[in-house]
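Below is one structure, written out as structure tokens; the observations come after it.
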2 protein chains.
Amino acid sequence: MLMNDLIIRACKKQDVERTPIWVMRQAGRYLPEYRAIRKKVSFLELCKTPELAAEVTIQPVDIIGVDAAIIFSDILVVPEAMGMELNIEEGTGPVFSHPIRNVADSEKLLRIDPSVKLKYVLDAIALTKKELNGRVPIIGFAGSPFTLLTYMVEGKTSKSFSNIKRFIFQQSKTAHKILELMADNIIDYLLAKIQSGADLVQIFDTWGGILSPHHFEEFSLQYMSKIVEGLKLKTDVPVILFSKGIGSSIEKLTQTNTDVIGLDWSIDIKEAIGKVGGKAALQGNLDPTILYASEEVIAKEADRILTAVGKNNGHIFNLGHGIHPDTDPAKLKFLVDYVKEKSKR
Amino acid sequence: MLMNDLIIRACKKQDVERTPIWVMRQAGRYLPEYRAIRKKVSFLELCKTPELAAEVTIQPVDIIGVDAAIIFSDILVVPEAMGMELNIEEGTGPVFSHPIRNVADSEKLLRIDPSVKLKYVLDAIALTKKELNGRVPIIGFAGSPFTLLTYMVEGKTSKSFSNIKRFIFQQSKTAHKILELMADNIIDYLLAKIQSGADLVQIFDTWGGILSPHHFEEFSLQYMSKIVEGLKLKTDVPVILFSKGIGSSIEKLTQTNTDVIGLDWSIDIKEAIGKVGGKAALQGNLDPTILYASEEVIAKEADRILTAVGKNNGHIFNLGHGIHPDTDPAKLKFLVDYVKEKSKR
């Protein structure tokens, strides 16, 4: 039983006493308590040690007072489980030493059983569930097939995205075959997370926005749609789709059966409300760098979002992207307290 | 007298025999002829040597057959002229060794006379004008005040844009003061370019899209608007505004007096046509990475844009961003020939 199920109710557009809030990357580097643990283990070790993953997952619930815990992990553990060698180095970001560039590479990718290959994530969820003891819901997550493919083809962080673009435009069939496989793996992975205790799930489509709208539909949206359908066949836990930088295409996310649409900060929330038209709940929208500003500015920017939504149901407060590592935790705490107070019904 | 003034007529929404085409970064690294010259001089030396700048400016007119020559230069020569030390290194991109971070830094920035400080650009234009002898129009350009400020504050290429965001949100007054100064300098710079022979001008707002819509209005749009007004007071040469990644905010560009709105590839051109509503001509929209694909795919993607626009006036074909350095020039030539043929009235 959940003592605080505000987010679940917001996902379902049910009545809430106030607007729930959590923030992307809330378990992370901006917290001194997280950095203390990271001094002892690498990023991937942290992901793969359930006790530690559970500990950092719960930190923002204790320290900041957010309304959900998002399980500490990384979207790239899925391609790793599918057979790709992953290195996450300080400073340079994640690297796949053997990126996917052709059919032969693609044929090495595995259809996985997450209860074997990603057991450490499921264990971390079960442990977090036990330790949280119903204080707040747990969010499970996965990268979208296209976003994962982007990393798998680029091999490392890219600015031009030339490799992934060349791949999808020159080898469309192979790309679609991998995306299909990713979608199947992700459905199983998210279902396993739900079975282990996740109360809702979010799909991060960080790179959908590098595509033109019609290519977004072809290479990203249809596979997210497949995942949502796959989940909905077996569970009624809420699903959040978050595509970054897709602008007006957020309207297309309503074509899926998603419960919630995540908004980055580049869209006016009023426009989003108009486009989504009540077909899904909304989450996000605050520019994460607003947390660099004074409390006065933070309050003003939070008000802009709260006022646009009004006291309507189906709203989860969040940033429009992950919190920056150099954010002062006190500023986030201020935002969370402010939203909780200001949004009271 | 211009022998080919298709672009000028398209900017003014006048009748044309076919759709004109040029591409951003058409004078650049994808051309072996350009790379041959760059073997002998550095990027900044090339910018500052009028004979060589004119030569690479004209290359794509000769080799590819584009309908305009855009003067070879860099948007960062303006902050350099204002007193900032600029280094452009191979591989790492441009670096300002002393980025702007506070009032004291900002007070060192100069109000410039472009005919002195940027004489080499004006000389390159005059020389290009002479050598082109009216074959095609010459495009002069500048970065938008916000885009230049982004580089000036970040100091180097950024992914998180934390420094510029912190600067504008923590030191708004100083930011606005610099943006005002930039706008004044850019007006004079573009007017000087026009006097030296530029037949139209484009403002590159590469980073306007990192801002939320209301911050885009506050920190980027209003200064571009000021520039357009400043130009229109003294000249009737057409102005193109190109803001990357601003999504629906392209509608707001019509609030300025701009003749043309440049589109990146992330917006559906049909949506753009609807939003701009004939208040400005349109340019761009093709994903530059489409040039990695087969001729068949390139033709299909070009058709998508040509069909959406129909045989309406006020359309300039272009990519949605600069051509990638690893593009095969033959593919660009194919696109240019295809658009010329297919768009015949």
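The values are calculated or read from the model by the stated rules, or taken from the named source; none is laboratory data. Model, not experiment: these values are computed from the prediction. Backbone-built Cβ (ideal geometry, glycine too); neighbour counts: all protein chains shown.
Of the residues A:Arg29, A:Arg35, the single one that is charged (D, E, K, R), surrounded by fewer than 20 Cβ atoms within 10 Å (Cβ to Cβ) and in contact (Cβ under 8 Å) with a residue 40 or more places away in the chain is A:Arg29. In the set (1) within 12 Å of another protein chain (Cβ to nearest Cβ); (2) more than 21 Å from B:Asp5 (Cβ to Cβ), B:Leu332 fails one condition alone, (1).
Taken over the range B:230-248, the criterion of being at pLDDT 95 or above, assigned to a helix (DSSP H, G or I) and either surrounded by 21 or more Cβ atoms within 10 Å (Cβ to Cβ) or not charged (D, E, K, R) (or both) is satisfied by B:Gly230, B:Leu231, B:Leu233. Quick one: is B:Ser220 more than 27 Å from B:Arg9 (Cβ to Cβ) and under 18 Å from the mean Cα position of the chain (by Cα)? In short, yes.
Quick check on the range B:144-172: of everything there that is away from chain A (no Cβ under 13 Å) and in a helix (DSSP H, G or I), which residue is nearest to B:Glu85 (Cα to Cα)? Ranking the candidates gives B:Met152 first. How many residues, within the range A:209-220, are touching a residue at least 24 places away in the same chain (Cβ under 8 Å) and either assigned to a loop (DSSP other than H, G, I, E, B) or more than 10 Å from every other protein chain (Cβ to nearest Cβ) (or both)? Residues in the range A:209-220 being touching a residue at least 24 places away in the same chain (Cβ under 8 Å) and either assigned to a loop (DSSP other than H, G, I, E, B) or more than 10 Å from every other protein chain (Cβ to nearest Cβ) (or both): 4 in total. Taken residue by residue, the range B:320-328 has no member that is without any contact (Cβ under 8 Å) to a residue 40 or more places away in the chain, buried (at least 23 other Cβ atoms within 10 Å of the Cβ) and either under 22 Å from A:Gln170 (Cα atoms) or out of contact with any Gly (no Cβ under 7 Å at 6 or more places or on another chain) (or both).
Residues considered: A:Ala280, A:Ala330, A:Ala302, A:Ala293. Of these, the only one that is among the aliphatic types (A, V, I, L, M) and closer than 19 Å to A:Gln202 by Cβ is A:Ala280.
Of the residues making up the range B:73-84, one or more are touching a residue at least 40 places away in the same chain (Cβ under 8 Å) and within 18 Å of B:Thr128 (Cα to Cα).
Residues of the range A:116-143 that are more than 21 Å from the chain's Cα centre (by Cα) and outside any loop (DSSP other than H, G, I, E, B): A:Val116, A:Lys130, A:Glu131. For the range B:249-307, the set of residues classified as part of a loop (DSSP other than H, G, I, E, B) and either at the interface with chain A (Cβ under 10 Å from one of its Cβ atoms) or within 13 Å of A:Phe169 (Cβ to Cβ) (or both) consists of B:Asp264, B:Trp265, B:Ser266, B:Ile267, B:Asp268, B:Asn285, B:Asp287, B:Ala293, B:Ser294, listed by residue number. Applying the criterion of being without any contact (Cβ under 8 Å) to a residue 40 or more places away in the chain and hydroxyl-bearing (Ser, Thr, Tyr) to the residues of the range A:221-248, the residue that is farthest from the other protein chains (Cβ to nearest Cβ) is A:Ser225.
Checking the stated criteria, A:Gly197 turns out not to satisfy the condition of being within 14 Å of chain B (Cβ to nearest Cβ) and out of contact with any Pro (no Cβ under 6 Å at 6 or more places or on another chain). Any idea which residue in the range A:151-193 is nearest to B:Glu301 (Cα to Cα), counting only those that are in contact (Cβ under 8 Å) with a residue 60 or more places away in the chain and charged (D, E, K, R)? Here the answer is A:Lys177. Cβ-Cβ distances below 8 Å connect the following pairs, each with a first residue in the range A:284-299 that is surrounded by 23 or more Cβ atoms within 10 Å (Cβ to Cβ), a second residue that is among the polar types (S, T, N, Q) and part of a loop (DSSP other than H, G, I, E, B), and a separation of six or more residues or different chains: A:Gly284/A:Asn318; A:Asn285/A:Asn318; A:Leu286/A:Asn318; A:Pro288/A:Thr327; A:Leu291/A:Thr327.
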